[in-house]
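A short write-up of the structure that comes next.
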Amino acid sequence: MSRIQSITDLLHKRELYQSELRFREESNQIVITDDNLSELLTSRKKQILICGGTGCRASQSEQIIENFKKEIRNHQLIDFVEVVQTGCFGFCEKGPIVKIIPDNTFYVQVTPEDVSEIFNKHIIAGQKVDRLLYVDPATHQHIPDSKHINFYKKQLRIALRNCGFINPESIEEYIARDGYMALAKALTEMTPEEVIQVVIDSGLRGRGGGGFSTGLKWQITRKSKAKQKYVVCNADEGDPGAFMDRSILEGDPHSIVEAMAINGYCTGADKGLVYIRAEYPLAVERLKTAIRQARERGLLGKHILGTDFSFDIEIRYGAGAFVCGEETALIHSMEGLRGEATVKPPFPSEQGYKGYPTNVNNVETYANIPVILLKGAVWFSGIGTGKSKGTKVFALAGKVNNVGLIEVPMGTTLREVIFDIGGGIKDGKKFKAVQTGGPSGGCLTEKHLDLPIDYDNLLAAGSMMGSGGMIVMDEDDCMVAVAKFYLDFTVEESCGKCAPCRIGNKRLYEILEKLTNGQGEPEDLERLSNLALVIKDTALCGLGQTSPNPILSTMDNFFEEYLAHVKEHRCPAHQCRSLTQYFINPEKCKGCTLCARSCPVNAITGERKLPHVINLSGCIRCGSCIEKCKFGAVYVH
């Protein structure tokens with residue numbers, strides 16, 4: 001690889017690499033009909049984009065890639081058809097995804113066995129494989145391209161701009177998408193103070209959960225006097241159900257490398273550290289590749305782009321401790337110490353890694369930086385709401401039809417996210433709640449569906465933005481059990497340094513366990529609420545201070561469920577086993593014996609073709625009988 005030694009060299013390389021990417025970008029504008037499909041495919045080079053994110057790789061996308069390459073070789077079309085492995089397309093519910101360029105056809109849930117049909121019918125004959133196209137659940141129509149899929153219609157991809165579009169292991173493709181141009185602009189046209197002011201004016205706030213002004217944090221670090229400073233990327237994403245940062249690192253690692261270098265220029269740091277959980281092997285591998293390629297090109301290291309600025313990046317591994325998402329605990333972990341939070345001030349911007357000023361931002365925050373510098377603060381601040389600018393990436397999961405990674409402008413409502421982008425609730429069930437902000441967030445209800453999503457609105461509603469986890473629940477979810485699930489997680493992940501978190505959360509969990517086991521008393525509800533408020537006010541760090549949120553929000557919005565658990569010893573959602581009993585309706589039972597044969601403890605008796613009976617004293621409430629019954633005879637009470 002030739003080194004890029006100046007801005008002139010970078011501009012030349014960008015022009016050189018842009019032809020292939022321009023071909024891909026132009027394809028998004030083409031209107032495809034059955035009449036012009038064959039003509040397009042014969043007149044232009046074809047590219048086959050295949051998702052190479054963790055989710056699709058787990059569903060054999062690597063084998064799909066190999067099968068396409070084999071077809072290309074067998075048909076001797078190496079000069080006419082190219083296979084491109086990309087990052088996550090976002091539509092994880094329908095992966096693996098294969099996208100054909102130039103006609104922009106979007107195939108979903110592709111298997112290795114489908115490759116031959118796609119290649120011969122689409123690439124060779126110019127005909128779509130209809131059975132692999134996305135089917136709109138409302139209209140039941142086949143949708144040929146992603147532009148017309150509701151999942152994508154209301155999204156605005158800034159942090160995810162390159163994910164699913166470029167090969168994340170190709171620095172050439174990143175440069176073709178204006179990669180490293182923001183760094184070049186900062187180094188050759190702007191002072192560090194000017195860059196920081198642009199970030200401040202943009203209104204970008206930390207996307208890791210705290211929501212602090214990114215530019216102000218950079219400014220504080222710059223003003224701190226020290227012979228050594230550090231720039232840190234927090235990639236320790238630990239929320240259950242969250243995969244935003246992982247997907248960005250897997251799909252666009254160079255954007256993080258570039259943004260960290262810009263941060264180093266602004267704050268006066270020459271060393272960058274990425275703290276990433278070791279459970280992200282693909283993200284680690286692609287980040288390593290990006291760092292190596294940037295060094296080889298001269299975009300990391302000494303005298304970047306012929307200037308006096310030098311900067312390099314190293315990787316530090318985390319063991320998956322949730323508390324290490326808190327910046328002081330993260331820094332201690334990088335120093336080889338126990339991952340425990342410390343009292344602030346001093347803040348890391350003043351005294352952080354090894355006692356030196358340290359600027360910590362998370363992956364998604366960094367992913368916005370290059371675009372802000374190239375398009376300007378006015379452009380970015382024109383998106384979003386009054387105090388929450390830009391977009392937010394969410395990992396949409398749970399009981400929703402379109403599970404996946406989405407990016408929407410701040411101010412988009414929960415209803416739009418869940419029902420328009422998410423496609424509504426699975427199996428036609430009724431929406432019950434949505435948990436935002438991960439285990440530290442709160443559960444919002446139907447009355448909150450028209451709430452514009454931003455930092456302040458979510459806090460006022462009893463939840464929080466967090467890093468971007470969004471878990472949807474339906475009518476079958478017990479909110480007491482949901483609160484217990486999240487408390488179990490925070491108890492397990494507490495560093496144990498402060499008593500409110502170490503002891504208080506354990507007591508909260510024990511009370512919830514009493515409630516779900518049918519041993520709760522009305523007085524427990526007051527104890528639960530009072531202790532939750534004490535912990536919120538007295539815990540040392542954000543993990544402890546926000547850990548009672550699931551309890552407080554569910555008690556606020558679903559208090560009748562708590563009352564049913566303690567006064568009637570009943571679980572309205574039939575999810576708490578100790579409060580649930582299974583019965584067989586003799587009028588519906590056909591005596592097929594399926595339920596009896598599936599029972600692991602032989603608690604169901606009855607003759608063939610005669611109504612069966614469940615022995616309640618022997619029933620372990622596993623639910624296998626209700627799953628097997630084809631006649632709706634088994635019910636819970």
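What to note about this one:
- Among the residues listed as Ser349, Ser333, the single one being without any contact (Cβ under 8 Å) to a residue 60 or more places away in the chain and in contact with a strand residue (DSSP E or B) (Cβ under 8 Å, 6 or more places away or on another chain): Ser333
Residues checked against (1) modelled with pLDDT under 95; (2) of a type outside the set (A, V, I, L, M, F, W, C):
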{"site": "Val480", "(1), (2)": "no, no"}
{"site": "Phe485", "(1), (2)": "yes, no"}
{"site": "Val491", "(1), (2)": "yes, no"}
{"site": "Ser494", "(1), (2)": "yes, yes"}
{"site": "Pro500", "(1), (2)": "yes, yes"}
{"site": "Gly504", "(1), (2)": "yes, yes"}
{"site": "Arg507", "(1), (2)": "no, yes"}
{"site": "Asn517", "(1), (2)": "yes, yes"}
{"site": "Glu523", "(1), (2)": "yes, yes"}
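- When Glu627, Glu561, Glu526 are screened for being among the acidic types (Asp, Glu) and touching a helix residue (DSSP H, G or I) at 6+ places or on another chain (Cβ under 7 Å), only Glu561 passes.
- Reported count of residues in the stretch 332-379, each being among the hydrophobic types (A, V, I, L, M, F, W, C), modelled with pLDDT under 95 and crowded, with 24+ Cβ neighbours inside 10 Å, is 1.
- Applying the criterion of being out of contact with any Ser or Thr (no Cβ under 6 Å at 6 or more places or on another chain) and among the aliphatic types (A, V, I, L, M) to the residues of the stretch 430-450, the residue that is farthest from Val417 (Cα to Cα) is Val434.
- The listed residue being touching a strand residue (DSSP E or B) at 6+ places or on another chain (Cβ under 6 Å) and within 29 Å of Gln435 (Cα to Cα), out of Ala242, Ala269, Ala261: Ala242
Conditions tested, residue by residue: (1) touching a Pro at 6+ places or on another chain (Cβ under 8 Å); (2) modelled with pLDDT of 95 or more; (3) assigned by TED's automatic domain parsing to the domain that holds Thr365; (4) part of a helix (DSSP H, G or I).
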| position | (1), (2), (3), (4) |
| --- | --- |
| Gln197 | no, yes, yes, yes |
| Gly210 | no, no, yes, no |
| Asp239 | yes, no, yes, no |
| Ser255 | yes, yes, yes, yes |
| Glu279 | no, no, yes, no |
| Glu285 | no, yes, yes, yes |
| Thr289 | yes, yes, yes, yes |
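- Any hit, the stretch 415-423, residues being in contact with a strand residue (DSSP E or B) (Cβ under 8 Å, 6 or more places away or on another chain), under 21 Å from Gly210 (Cα atoms) and part of a helix (DSSP H, G or I): no
- Unique residue being buried (at least 22 other Cβ atoms within 10 Å of the Cβ), over 22 Å from the mean Cα position of the chain (by Cα), within 20 Å of Ala242 (Cβ to Cβ) and hydrophobic (A, V, I, L, M, F, W, C) when the list is Cys501, Cys478, Cys495, Cys443: Cys495
- Selection from the stretch 179-195 of residues that are part of a loop (DSSP other than H, G, I, E, B) and surrounded by fewer than 19 Cβ atoms within 10 Å (Cβ to Cβ): Met190, Thr191
- Members of the stretch 433-473 found to be in a loop (DSSP other than H, G, I, E, B) and acidic (Asp, Glu), listed by number: Asp450, Asp454
- Residue pairs meeting the criteria (Cβ under 7 Å; at least 6 apart or on separate chains; first over 14 Å from Arg177 (Cβ atoms), in the stretch 1-18; second assigned to a helix (DSSP H, G or I) and β-branched (Val, Ile, Thr)): Ile7/Thr188
- Residue within the stretch 196-207 that is closer than 26 Å to Ser467 by Cα, crowded, with 19+ Cβ neighbours inside 10 Å and in contact with an Asp or Glu (Cβ under 6 Å, 6 or more places away or on another chain) present: yes
- Of the criteria (1) within 20 Å of Gly466 (Cα to Cα); (2) among the small types (Gly, Ala, Ser); (3) surrounded by 23 or more Cβ atoms within 10 Å (Cβ to Cβ), which one Gly211 fails: (3)
- Residues in the stretch 119-152 that are in a loop (DSSP other than H, G, I, E, B) and either of a type in the set (Val, Ile, Thr) or closer than 24 Å to Asp427 by Cα (or both): Val129, Asp136, Pro137, Ala138, Thr139, His140, Gln141, Ile149.
- Checking Gly386, Gly382 one by one, the residue that is over 21 Å from the mean Cα position of the chain (by Cα), small (Gly, Ala, Ser) and at pLDDT 95 or above is Gly382 and no other.
- Criterion violated by Glu39 - all others in (1) modelled with pLDDT of 90 or more; (2) surrounded by fewer than 22 Cβ atoms within 10 Å (Cβ to Cβ) satisfied: (1)
The values are calculated or read from the model by the stated rules, or taken from the named source; none is laboratory data. Computed from a predicted model, the values in this text were never measured in an experiment. Don't worry about glycine lacking a Cβ; one is built from the backbone with ideal geometry, like all the others, and counts go over all protein chains shown.
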